[in-house]
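K.L.:
Here you go, one structure.
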Amino acid sequence: MSAQDQFRSLTAARFCESAGFAAVDIGARGGLDAAMLPLAWATEMIGFEPEPAEAAALQGGDPKPWKSRRVIAAAVGGVDGTATLHIPPSPESASLLPHNEEMVEWFGVSEQHSVDRSIAVETRTLDGLLAEGTLPTADYIKIDVEGAEGAILEHATRYLETTLALRVEVSFLEQRTGQPLGWDVAKLLTDRGFLILDLIAVQRWRAKRLAGHPYRTKADLPYSKPVLAQGDLIAVRDFRRVSGATQAAKLVILTAALGYVDFAATILRHHQAAIAELGLDLAADLRSLSGSLGGAAPAEAIRANLRDLVPLGRSLLGGLPAR
């Protein structure tokens, strides 16, 4: 059973459709964020992508499985106006901030941190878009903008008031000049009433992008532990500050959709009386979801570990090729 089918089978499915969810993907190059796919049938998805050609490609794609979907050809940042987008050979690493060329010296990441071209792009703030009525409030926001995360959050005070969850890419190295680092972004989120649940999609780097621990390579320095480079923070609204049964129920469901079923149960216990008045049996729904997810997770872990056997074996038998 697909994730969408699992959520459609919940006792809360009709509530999800009537209450609805809204998601915003800031930095949608390569495809709209998949975190909300379990609830896509009840979700209005809006993506932002500053490069016109990429935005057009995203807009021209199949709108399914989203309830609705649109793409806005603009960058989201800290100002309403025009800014320079610095595009390296790997366009996924384009940033509104200048690239720090020390990263090339330290790690050999020239495809990510040397500038291939620069273009002028329209930039908007979330609060500005909200004030003019261009953008509805969002239950879930993904931000992947290569360094401008802090500027976006600092100029979204009103916009974030009703947001329930975020996924924000953060760096622990100054990959772009003047960018806030992971702990700075985490403080911005907690100061705005969010709880940090996780750091996922973690990347660690070695010099020259060599494979790090536990692998061995054929380079002059064949082995080293890599350093923490970047990852994605998962944050949810502090449930103790949520008022209203509908918002509380949506927070429970959204937290579960992100995979944090235990914490969803914690939120439910805090708001049990209010949510019960909606006629929802979210406790039963969480038990069902936990069982379904628990059946799939071991198989996924086995596949990942099996794929890892080949590079580990090559490491034992002389080392991986040096890049």
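K.L.:
Filter segment 108-124 down to the residues that are within 20 Å of L58 (Cβ to Cβ) and either under 22 Å from the mean Cα position of the chain (by Cα) or of a type in the set (D, E) (or both) and list them by number.
P.N.:
E122, T123, R124 - these are the residues of segment 108-124 that are within 20 Å of L58 (Cβ to Cβ) and either under 22 Å from the mean Cα position of the chain (by Cα) or of a type in the set (D, E) (or both).
K.L.:
Taking the condition farther than 24 Å from L282 by Cβ, hydrophobic (A, V, I, L, M, F, W, C) and free of Cβ contacts under 8 Å to residues at least 60 places away in the same chain, does L32 pass?
P.N.:
Values: farther than 24 Å from L282 by Cβ: yes; hydrophobic (A, V, I, L, M, F, W, C): yes; free of Cβ contacts under 8 Å to residues at least 60 places away in the same chain: yes.
So L32 passes the test.
K.L.:
If you go through segment 182-193 one residue at a time, do you hit one that is of a type in the set (A, V, I, L, M) and outside any helix (DSSP H, G or I)?
P.N.:
As a first pass, look at segment 182-193 and keep what is of a type in the set (A, V, I, L, M): 185-186, 188-189.
Next cut, outside any helix (DSSP H, G or I) only: none.
No, there is no match, as no residue in segment 182-193 is of a type in the set (A, V, I, L, M) and outside any helix (DSSP H, G or I).
K.L.:
Tell me, which helices (runs of 4 or more DSSP H) lie completely within segment 211-323 with 3 or more residues that are in contact (Cβ under 8 Å) with a residue 12 or more places away in the chain? Outline the logic, then answer.
P.N.:
Details: elements: 245-257, 261-270, 272-276, 282-316.
Result: 245-257, 261-270, 282-316.
K.L.:
Could you check segment 66-93 and list, in sequence order, the residues that are out of contact with any Gly (no Cβ under 9 Å at 6 or more places or on another chain) and under 15 Å from G27 (Cβ atoms)?
P.N.:
Within segment 66-93, A73, A74, G77, L85, H86, I87, P88, S90, P91, S93 meet the criteria.
Every residue, every condition in (1) open to solvent by 70 Å² or more (accessible area, probe 1.4 Å); (2) farther than 29 Å from G182 by Cβ, yes or no:
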residue	(1), (2)
R241	yes, no
A245	no, yes
A249	no, yes
T266	no, no
D281	yes, yes
V310	yes, yes
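K.L.:
Provide a single number: the residues in segment 198-210 that are touching a helix residue (DSSP H, G or I) at 6+ places or on another chain (Cβ under 8 Å) and either assigned to a loop (DSSP other than H, G, I, E, B) or free of Cβ contacts under 8 Å to residues at least 24 places away in the same chain (or both).
P.N.:
The qualifying residues number 1.
K.L.:
Just to check your reading of the model, which residue among R240, R287 is at pLDDT 95 or above and more than 24 Å from the chain's Cα centre (by Cα)?
P.N.:
Values: R240 fails: more than 24 Å from the chain's Cα centre (by Cα).
Within the list R240, R287, the selection yields R287.
K.L.:
Another question about this same structure. Does W183 meet the test of being exposed (fewer than 15 other Cβ atoms within 10 Å of the Cβ), aromatic (F, W, Y) and either under 30 Å from L312 (Cα atoms) or out of contact with any Asp or Glu (no Cβ under 7 Å at 6 or more places or on another chain) (or both)? Steps first, answer last, please.
P.N.:
Details: exposed (fewer than 15 other Cβ atoms within 10 Å of the Cβ): yes; aromatic (F, W, Y): yes; either under 30 Å from L312 (Cα atoms) or out of contact with any Asp or Glu (no Cβ under 7 Å at 6 or more places or on another chain) (or both): yes.
The answer is yes for W183.
K.L.:
Given the criterion charged (D, E, K, R), surrounded by fewer than 20 Cβ atoms within 10 Å (Cβ to Cβ) and under 18 Å from the mean Cα position of the chain (by Cα), identify the matching residue among E105, E49, E101, E92. Can you show your working first?
P.N.:
Working: E105 fails: under 18 Å from the mean Cα position of the chain (by Cα); E49 fails: surrounded by fewer than 20 Cβ atoms within 10 Å (Cβ to Cβ); E101 fails: under 18 Å from the mean Cα position of the chain (by Cα).
Among E105, E49, E101, E92, only E92 is charged (D, E, K, R), surrounded by fewer than 20 Cβ atoms within 10 Å (Cβ to Cβ) and under 18 Å from the mean Cα position of the chain (by Cα).
K.L.:
Name every residue in segment 123-164 that is open to solvent by 40 Å² or more (accessible area, probe 1.4 Å) and among the β-branched types (V, I, T), in order of residue number.
P.N.:
Once the filter is applied, which keeps residues that are open to solvent by 40 Å² or more (accessible area, probe 1.4 Å) and among the β-branched types (V, I, T), segment 123-164 yields T134, T137, T157, T162.
K.L.:
Being among the aliphatic types (A, V, I, L, M), within 16 Å of the chain's Cα centre (by Cα) and open to solvent by 10 Å² or more (accessible area, probe 1.4 Å) is the filter here, so list the residues in segment 251-264 that pass it. Walk me through it before giving the result.
P.N.:
The first filter runs over segment 251-264 and keeps only residues among the aliphatic types (A, V, I, L, M), leaving 251-254, 256-258, 261, 264.
Now restrict to residues that are within 16 Å of the chain's Cα centre (by Cα): 254, 256-258.
Answer for segment 251-264, where residues must be among the aliphatic types (A, V, I, L, M), within 16 Å of the chain's Cα centre (by Cα) and open to solvent by 10 Å² or more (accessible area, probe 1.4 Å): A257, L258.
K.L.:
Another one. Please go through segment 108-118 and pick out each residue that is out of contact with any Pro (no Cβ under 8 Å at 6 or more places or on another chain) and either loosely packed, with under 15 Cβ neighbours inside 10 Å or modelled with pLDDT under 85 (or both). Let's see the steps before the verdict.
P.N.:
Start the filter on segment 108-118 by keeping residues that are out of contact with any Pro (no Cβ under 8 Å at 6 or more places or on another chain), which leaves 108-109, 117-118.
If the condition is that a residue be out of contact with any Pro (no Cβ under 8 Å at 6 or more places or on another chain) and either loosely packed, with under 15 Cβ neighbours inside 10 Å or modelled with pLDDT under 85 (or both), then V109, R117, S118 are the ones that fit.
K.L.:
Considering only residues that are open to solvent by 40 Å² or more (accessible area, probe 1.4 Å) and part of a loop (DSSP other than H, G, I, E, B), look in segment 2-25 and name the one that is farthest from P65 (Cα to Cα).
P.N.:
Within segment 2-25, the match that is farthest from P65 (Cα to Cα) is T11.
K.L.:
(1) over 14 Å from L129 (Cβ atoms); (2) at pLDDT 90 or above: which one isn't true of E54, the others all being true?
P.N.:
Evaluating E54 over (1) over 14 Å from L129 (Cβ atoms); (2) at pLDDT 90 or above leaves (2) as the failure.
The values are calculated or read from the model by the stated rules, or taken from the named source; none is laboratory data. From a predicted model like this one, the values you see are computed outputs, not experimental measurements. Backbone-built Cβ (ideal geometry, glycine too); neighbour counts: all protein chains shown. Heavy atoms of the whole protein, side chains included, go into the accessibility calculation; ligands, DNA and RNA do not. Shrake-Rupley method; radii C 1.70, N 1.55, O 1.52, S 1.80 Å.
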